[in-house]
Amino acid sequence: MDYPKSVPGVGLVDGKFVDEDPIGGRAGSLIPAAWGNSITDEMLTVLRAANIDPDEASTEQLLAAIRIVASKGSTRPPGDDSEYWATTEFVADAIRSMMPDRVGEISFEMRILPRVGWLRVNGAVLKRDAYPELWAYAQASGALVSERDWSNGWFGCFSSGDEATTFRIPDLRGDFLRIWDDGRGVDRGRRLGAWQDSTNRWHEHTGTASEAGDHIHTGWTDVRGHHWHDLYDPGHKHRNGFGSVGVFGTSPGEGYGPHNGRRNEVDSDVSYSGISLGAAGDHDHIVGIGAAGRHGHLISIAGEGASEARPRNIAVAAYIRAYRIDVKRGK
């Protein structure tokens, strides 16, 4: 910047401009054209750097230009500990460089709604052009299956959606997570993202009963009360034949035998036996049961439980990072 001390014959006093003093006989300071033009050009350079058109009626343009130029100034390199200001651009870039690319990362939080940039891991179908970073992550994840396979138990994977414009994110709701076996052999045959139903490890249940030893079981019957026993007797009769014994005659009926023309037959009356049973009265019937010998008893154990095997647990929400927040643009 041009400074009047370097211009001879200007009439400065202690390096400063002074007014004319007729009484004291002092001439006023002069402003040479070269110096005045130099100062004017320097101020105009600041305005041009700020893209401000000079306005003779304004007295605040230089200040505005300085503020604009200062906000666009270059930032000191990393490691510089001077007191120069850092530009917004530098700060934003520094923040972005320190923030990892977390798109596709799954986070567990005790909150109902997801944070900005996150989505619920609920198997939602998304537009590829709306979430390009997440779709790129799904393609590179190794856990991308067809929509048909996803619906048949691959709920921990991404799906390719309609194969054109959409894709689906995993659905972790209501399920426990298990670290992928990855060839260890503990959970053989599992692929990343595969769903597995509940089960218990194979085991047996044994049961015992205390031994009773040699013993006798007694029994009884209910009292029948006073009652009768009925007896039916149909009765019977005796048939008897009568005739002459070994007598021959000349007239029918007078003799018996092959030469007798008729024989006499006599029927006897029905004769009942007269049998009856008396009342038994109130009584018990004692039943004796023989000894069973030393033995055990088989026991059947009934099943119990709920619709799944589960440990004690606490419900927590799962969210997936869907896109990065652009710090530079503030969105």
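The values are calculated or read from the model by the stated rules, or taken from the named source; none is laboratory data. As the structure is a prediction and not an experimental result, all values here were calculated from the model. A quick note on method: Cβ atoms are made from the backbone with ideal geometry, for glycine too, and the neighbour counts reach across all protein chains shown.
Annotation note: of Arg178, Arg188, the sole residue that is exposed (fewer than 11 other Cβ atoms within 10 Å of the Cβ), among the basic types (Lys, Arg) and at negative phi is Arg188. Could you list all residues from region 22-45 that are touching a residue at least 12 places away in the same chain (Cβ under 8 Å) and small (Gly, Ala, Ser)? Result: Ala27, Gly28, Ser29, Ala34, Ser38.
Ile169 meets each of the listed conditions (1) at pLDDT 95 or above; (2) β-branched (Val, Ile, Thr); (3) under 22 Å from Arg310 (Cα atoms) apart from (3). Checking each residue in region 21-47 for being on the phi < 0 side of the Ramachandran plot and of a type in the set (Gly, Ala, Ser) picks out Gly24, Ala27, Gly28, Ser29, Ala33, Ala34, Gly36, Ser38. In the set Gly28, Gly24, Gly73, which member is under 30 Å from Ile325 (Cα atoms) and either modelled with pLDDT of 70 or more or surrounded by 12 or more Cβ atoms within 10 Å (Cβ to Cβ) (or both)? Within the list Gly28, Gly24, Gly73, the selection yields Gly73. Annotation: of all residues in region 1-21 being surrounded by fewer than 10 Cβ atoms within 10 Å (Cβ to Cβ) and closer than 30 Å to Ala70 by Cα, the one that is modelled with the highest pLDDT is Lys16. Checked against (1) modelled with pLDDT of 95 or more; (2) surrounded by 11 or more Cβ atoms within 10 Å (Cβ to Cβ); (3) closer than 30 Å to Ile314 by Cα, Met110 meets all criteria but (2).
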